[in-house]
Amino acid sequence: MVFGVGLLVNAILIAIPVGGSVGALMGLDAHRAATGQKPLFTGDNDDGINPGNGKGDDSTGGGGGGHPPITNNGLQHTLYCDLSWGITPPSETEQYTLNPNQWGVTSDSTGNGLCMNVTTFVNQTYPAQTAPEFSVTWQYDHGPETMPVHGYPNIRVDDVLPKEMDKISELNLDLHWTYGVGDKTAVSTDVQALEKENLATNVAIDMFLDTDANKAENGTQAKFEVMVWFWMSNVEAQPHGWGHPVLNRTLEGTKFTLYTGENDNGQKVLSWVPGSIVERFTGDIYPLITDLYNLEGDNYPAKNDYLGSLSFGTEVYSVDSNVTFWAEQYKIDIKS
């Protein structure tokens, strides 16, 4: 199955209104065919990247694993269908790294695959603490019960971490995202339409903490994984410890409930989950971390632990037809 005519809508970068598909992207499949490449969404988009490593080589938004970029009115749109690839667009302000991060895709995985579209400014200048816009179109069938997640396409903040938790005063977030059925980005999330497609996913910020700064930067070695969720499409994509709430906290009018458990790596996973979908959030989420200090025992981080990694994205489980996740606005400001 190949991309449709209007696959990925990326008309404008963050903080500028968006409304329609980019015509320049329509020829991507034709280009791939002309150059002897496989059509998009053929279910085999390895492109030489080994599954499951979660890293990949760095790219500058137009080379490496990305397909040839389309430039239009000062914006550059680059498509990445690799399993894993570090995409670090040049920036004169804060640095971010994006990654399709299909860590759970194996030779037995079935479905149309996943592609990440990254929109960047050609002049490499962004508003302070503001990340490039990106979208992800994907479709995977159900994976095995032992490994239901196919990936976590995400954007990670660079340069400012690791940092001791007691050296952080605020973690300000300005966020707007949507999920839609099909190959185009949606203005808003139609939950009922997505339910009909049996979408299993979540949208969340993912952080790793440890007493050791180096381990805190490593997603497999860190002792703690702390997540702030903004949507859980269904219980198939539930957090560790689901059904056993620990405590509640309300931020900016949104009630979050904490669930705790342990993953297959033996890491302590602490997930703050809202009671309903939160497409827009503006405010300081740091209280969701400081609340953990007051919980006793080794199952919770201490204030002198290090925050080593912070990413935002969507965990992709399964869905019946193509869906598109769109991070229209993402601004993260970690204040000391």
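The residues of the stretch 220-247 that are touching a Lys or Arg at 6+ places or on another chain (Cβ under 6 Å) and surrounded by fewer than 19 Cβ atoms within 10 Å (Cβ to Cβ) amount to a single one, Gln221. Could you list, in sequence order, the residues of the stretch 204-256 that are closer than 20 Å to Asp159 by Cβ, modelled with pLDDT of 95 or more and of a type in the set (Gly, Ala, Ser)? The answer is Ala213, Ala216, Ala222.
Go through the stretch 118-132 and count every residue that is modelled with pLDDT under 85 and not in a loop (DSSP other than H, G, I, E, B).
Looking only at that region, the number is 1.
Reported count of residues in the stretch 75-100, each being assigned to a loop (DSSP other than H, G, I, E, B) and surrounded by fewer than 23 Cβ atoms within 10 Å (Cβ to Cβ), is 7.
The values are calculated or read from the model by the stated rules, or taken from the named source; none is laboratory data. What you are looking at is a predicted structure, and each value in this text was computed from that prediction instead of being measured. In this analysis, Cβ positions are derived from the backbone assuming ideal geometry, glycine residues included, and neighbour counts consider all displayed protein chains.
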